[in-house]
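A short reminder: the numbers here are calculations on the coordinates, not readings from a lab. Fair warning: this is a prediction, and the values are worked out from it, not measured in the lab. Ideal geometry is used to build each Cβ from the backbone, glycine not excepted, and the neighbour counts take in all protein chains shown.
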């Protein structure tokens with residue numbers, strides 16, 4: 001997955017926006033003001049920080065050397081994923097799971113507006 005495809009995939013979710021609160025080199029993807037993905041899209045190798053259920057995060061890290069505890073994040077709830085070392089399908093699933101976790105923590109009215117019960 002390229003940086004352009006990563007950006008497009010993140011922005012394809014309902015109400016997703018790209019923000020740059022940490023400077024122009026770091027893209028932060030948010031839904032309803034809450035971060036679900038963070039990436040320096042020009043970095044090599046391309047990595048993305050994604051929110052993850054803590055139990056699943058441990059399992060993913062054990063199965064995939066390209067998934068490590070989130071750099072500069074709460075390591076219990078965030079993973080850093082080296083994109084090129086994983087199948088595109090898995091990267092897309094991890095991004096979608098991150099988005100869904102963030103949406104699940106939003107107020108009910110916001111979730112309903114996003115069409116996510």
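Structure notes:
- Residues (surrounded by fewer than 13 Cβ atoms within 10 Å (Cβ to Cβ) and on the phi < 0 side of the Ramachandran plot) located in the range 20-42: 20, 21, 22, 24, 25, 42
- All positions within the range 79-96 that are buried (at least 21 other Cβ atoms within 10 Å of the Cβ) and outside any helix (DSSP H, G or I): 79, 81
- Exactly one residue out of 83, 103 is more than 21 Å from residue 1 (Cα to Cα) and touching a residue at least 24 places away in the same chain (Cβ under 8 Å), and it is 103.
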